[in-house]
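The values are calculated or read from the model by the stated rules, or taken from the named source; none is laboratory data. Since the model is a prediction, treat every value here as computed from it, not as a measurement. Quick reminder, even Gly has a Cβ in these numbers, built from the backbone with ideal geometry, and neighbours come from all protein chains shown. Keep in mind that these areas ignore ligands, DNA and RNA; they rest on the heavy atoms of the full protein, side chains included. Shrake-Rupley method; radii C 1.70, N 1.55, O 1.52, S 1.80 Å.
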Amino acid sequence: MAFFDMHTHFLCGVDDGAKDEHESHKLLRMAYEDGTRAICLTPHFNPYLFGDTSAASERAFERLREYAAEEFPDLELYLGHELGYYDSCLSALGEGRCRTLSGSRYLLVDFPAGVPFSTLRQGTDRLLQMGYTPVLAHAERYRALGFHFKWLYEFVACGGLVQLNAGNAVGNFGKFEQKQFKKIVQANLAHVVSSDGHNVETRKPLMSVCLPVLENLVGPETIRRLTWENARAIVHNERL
């Protein structure tokens, strides 16, 4: 079974992901050996934490793409950003410094795990109003959704998408995240499962870990959509 990993931090020197090119290459190999055949590189875009990573991430992406072409010729690579939402982020989006997913209308957006629900709702509403399709990164992490779960139905009905981390299917980040992962999948509110891989030790780029859990929750067609088809449609700017 092939996977499309749409949320990754393999590029070195741009955020808290791969610390050098050696680790970047190891992450790519680890993902490939796990069955991943398409990857979107999504370094953080949060000027307050990492500076403006636009130019640096493009350079790192080109180097990684050259390496992949030699080592894994059947592996597809795409480039985007994971936007850490902040008040003036729309200017960075408008200027192209913060990338959408492979230049599509889809935007991977992240909030702090303990974000107030009002900020989460206002931020995603703002992106929708500006014509972007927000893909809510690792939605199972947001504590506010434990109290406002019904809002996810509204978010999806308005055009938003939901991304979950594969490792949280097996409790890598804790019981709350594991419970929310299953709840979102069972509610048919998930669109994409990704690894959010950062390193080769504690946050590995492994998609296959979620399969036993998904197989107990949904059928094979849904698993295929969550782990391949929807991500592929997103980077090609297609409607889900």
For Met6, enumerate residues with amide H under 5 Å from its amide H, sequence gap 5+ or separate chain, H modeled in the peptide plane. Cys40, Ser195
Which one, Phe50, Phe176, Phe147, has the greatest fluctuation when you compute a Gaussian network model over the chain with C-alpha springs under 10 angstrom? Phe147
Of the candidates Gln180, Gln122, Gln163, which one comes out as most mobile in a Gaussian network treatment of the chain with C-alpha springs shorter than 10 Å? Gln122
Rounded to the nearest 10 Å², what accessible area does Lys26 have for a 1.4 Å probe in the complete protein model? 90
Using the Cα gyration tensor of the stretch 64-185, with a ≥ b ≥ c the square roots of its eigenvalues, what is the shape: rounded (a/c below 1.5), prolate (a/b larger than b/c) or oblate (neither)? oblate
Cα gyration tensor category, rounded, prolate or oblate, for the stretch 1-64 with a/c compared to 1.5: prolate
Charge dipole of the chain built from unit charges on the beta carbon (Lys, Arg +1; Asp, Glu -1), centred at mean Cα; most positive-end Cα among Ile39, Gly17, Val109 is Val109
Rounded if a/c is under 1.5, else prolate if a/b beats b/c, else oblate: with a ≥ b ≥ c from the C-alpha gyration tensor eigenvalues square-rooted, which is the stretch 165-237? oblate
Interchain or long-range residues, amide H under 5 Å from Thr36's placed H: Phe3
Area of Glu154 that stays accessible when all protein chains are in place (1.4 Å probe, Å², to 10): 110
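Treating only the Cβ atoms of Lys and Arg (+1) and Asp and Glu (-1) as charged, compute the dipole magnitude of the chain about its Cα centre; round to the nearest 20 debye.
On the way: 25 positive and 30 negative charges, 179 e Å.
It comes to approximately 860 debye.
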Go ahead and set up a Gaussian network model of the chain, Cα springs under 10 Å, then flag whichever of Leu127, Leu83, Leu28 fluctuates most. Leu127
Would you pull out the residues with amide H under 5 Å of Phe45's amide H, same chain only if 5 or more places away, H placed 1.01 Å from N? Glu82, Leu83, Gly84
Under 19 Å between alpha carbons - lysine pairs in the chain that sit 8 or more apart or on different chains: 7
Inter-part gap, Cα centre of the stretch 204-240 to Cα centre of the stretch 5-66, in whole angstrom, is 21
Area accessible to solvent at Ile223, 1.4 Å probe radius, in Å²: 10
